[in-house]
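The values are calculated or read from the model by the stated rules, or taken from the named source; none is laboratory data. Values in this document were obtained by computation on a predicted structure and should not be read as measured data. Don't worry about glycine lacking a Cβ; one is built from the backbone with ideal geometry, like all the others, and counts go over all protein chains shown.
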Amino acid sequence: MNIKFNFFFILLSIFLFISSPLFSANRFWVGTAPGSWNSVANWSNVSGGAPGFSIPGLSDIAIFDGGSITDCTIDINVNVLGFTINALYAGKIGINPGVTTTVASSGFSQAGGTFTGTNGNISINGAFTLSGGIFTATTGTLQITTGYNYTAGTFNHNNGTVSFSTTQTISGNTAFYNLIFVSNGGIYTIASGTTISSSNNVTISGIQSYTINTGILEINGDLTLLATANNSINGGTATFLFKGTGVQNIRSSITTIVVGTNERVCSLPNVEINKSSGSLNLEGVINFNGAFWKTTAGASLVNPGTSTVNIISSTTFSGENLSLYNIHIYANAQLISLSPASYMLTSTNDLTINGGSYYELNTGILEIMGNLTLIN
């Protein structure tokens, strides 16, 4: 009796293990002609093997390699552990309109072939790696959670949105359309030597802090700052480069500074303005936590409106002389330099100095055309 029970228990345990998401399987595309993702006739358990195996599911890695180079149409919503297109695959993978694709922790990697999104959202809950082939994103949202690594091949943004949603490193010069950085307490690192650009808009949105470090984020459209609920350190060491030739806006959802509540919320890191045409309009309270603000070109194109720029860390203003509307200095033991000595930073309205510590202003000229208010 005990032997039978133990044997039954062993069989049950094996079944549960195999059924568990922890037990992953590889599924290889082996279609002999262009065909549907949703057909067991196109999938095998080995490269170039016999067909008839289940279509890739939650616990499987879908692999496209030299075992078949025929085209694949993704015609159902896909949810897989991983998605791999290796360099030997020369076919095309297309997604039908409205179909969503979700890739779990094993991530998405492409070294060959052509992958084309339409309008369905693509969620990659692992790393995204592009080292060859052609990747065309969705016109909807491509969400990446663990890392973006571009070394070769072609990334087509397809006028869609890429959302970076958790701590990760972004590597490889890439032109995106819309970008979202989710402020959830994470740290985003643009790798050293990497410039990522947004030909349209960048949004920072969420309920916690955000940090973007190291590389360059080139913004050719609007920057919208929507994170309003966390007053810890924000910003980082990256550079936000405003370079668009058309009208651009920096819009903050903060309208009034409340020291102790929002003077750090959604702060900008380093800023460089290098515009040849089109105004750069400032709206709301723009918290600035960068080590430098450099106006290489286009100072005359900056329209401060009735905005407030709040300086919250040690920093250097340089380049062309700059005129802002309200300037607020949150005094917290920082050194502010205006360089060179002839540099002029102008507040066309009011300057307020407020905080719990000291500040130092070195070199240059700070011109105040309105009121000066000192609050301890």
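Here are some notes:
- Residues satisfying the stated conditions in segment 205-218, i.e. hydrophobic (A, V, I, L, M, F, W, C) and surrounded by 21 or more Cβ atoms within 10 Å (Cβ to Cβ): 212, 217
- One residue stands out in segment 132-147 among those that are of a type in the set (Val, Ile, Thr) and part of a strand (DSSP E or B): the one that is nearest to residue 215 (Cα to Cα), namely 144.
- Number of positions in segment 303-320 that are surrounded by 21 or more Cβ atoms within 10 Å (Cβ to Cβ) and assigned to a strand (DSSP E or B): 5
- Sole exception among (1) at pLDDT below 95; (2) more than 13 Å from the chain's Cα centre (by Cα); (3) crowded, with 17+ Cβ neighbours inside 10 Å for residue 225, by number: (1)
Yes/no per residue for (1) farther than 19 Å from residue 78 by Cβ; (2) assigned to a strand (DSSP E or B):
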{"site": "149", "(1), (2)": "yes, yes"}
{"site": "159", "(1), (2)": "yes, no"}
{"site": "163", "(1), (2)": "no, yes"}
{"site": "166", "(1), (2)": "yes, no"}
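- Qualifying residue in segment 257-266 (condition: modelled with pLDDT of 95 or more, closer than 19 Å to residue 347 by Cβ and either in contact with a helix residue (DSSP H, G or I) (Cβ under 8 Å, 6 or more places away or on another chain) or crowded, with 18+ Cβ neighbours inside 10 Å (or both)): no
- Residue 291 being in contact with a strand residue (DSSP E or B) (Cβ under 9 Å, 6 or more places away or on another chain), farther than 27 Å from residue 188 by Cβ and of a type outside the set (Ser, Thr, Tyr): no
- Number of residues in segment 267-282 that are outside any strand (DSSP E or B) and either on the phi > 0 side of the Ramachandran plot or free of Cβ contacts under 8 Å to residues at least 40 places away in the same chain (or both) equals 5.
- Among the residues of segment 202-214, at least one is farther than 20 Å from residue 172 by Cβ, polar (S, T, N, Q), out of contact with any strand residue (DSSP E or B) (no Cβ under 6 Å at 6 or more places or on another chain) and part of a strand (DSSP E or B).
- Taking the criterion of being buried (at least 20 other Cβ atoms within 10 Å of the Cβ) and of a type in the set (A, V, I, L, M), the residues of segment 181-194 that qualify are 182, 190.
- In segment 244-269, residue farthest from the chain's Cα centre (by Cα) [restricted to those that are among the polar types (S, T, N, Q) and under 17 Å from residue 209 (Cβ atoms)]: 261
- Of all the criteria given as (1) within 20 Å of residue 305 (Cα to Cα); (2) outside any loop (DSSP other than H, G, I, E, B); (3) among the polar types (S, T, N, Q), the one not satisfied by residue 256 is (2).
- Inter-residue pairs, beta-carbon under 7 Å, first of a type in the set (Ser, Thr, Tyr) and buried (at least 16 other Cβ atoms within 10 Å of the Cβ) and in segment 47-75, second at pLDDT below 95 and assigned to a loop (DSSP other than H, G, I, E, B), 6+ apart: 59/21; 59/23; 59/24
- When segment 321-367 is filtered for residues that are surrounded by fewer than 16 Cβ atoms within 10 Å (Cβ to Cβ) and under 25 Å from residue 275 (Cα atoms), the ones remaining, listed by number, are 339, 340, 341, 342, 344, 348, 365, 367.
- Pairs are defined by a Cβ separation below 8 Å, a sequence spacing of at least 6 or placement on different chains, a first member in segment 350-364 that is over 12 Å from residue 329 (Cβ atoms), and a second member that is of a type in the set (Gly, Ala, Ser) and modelled with pLDDT under 95; the pairs so defined are 356/331.
- Checking each residue in segment 162-180 for being within 10 Å of the chain's Cα centre (by Cα) and buried (at least 18 other Cβ atoms within 10 Å of the Cβ) picks out 162, 163, 164, 165, 168, 169, 170, 176, 178, 179, 180.
- Of all residues in segment 185-201, one or more are modelled with pLDDT under 95 and under 13 Å from residue 144 (Cβ atoms).
- Among the residues of segment 84-109, those identified as free of Cβ contacts under 8 Å to residues at least 40 places away in the same chain and hydrophobic (A, V, I, L, M, F, W, C) are 88, 90, 93, 99, 103, 108.
- Qualifying positions in segment 202-222 - under 14 Å from residue 186 (Cβ atoms), over 11 Å from the mean Cα position of the chain (by Cα) and aliphatic (A, V, I, L, M): 207
- Annotation note: Cβ proximity below 6 Å between a residue of segment 195-214 that is closer than 13 Å to residue 160 by Cα and a residue that is in a strand (DSSP E or B) (sequence gap 6+ or interchain) occurs for 198/176; 198/179; 198/219; 200/178; 201/178; 202/179; 202/219; 202/223.
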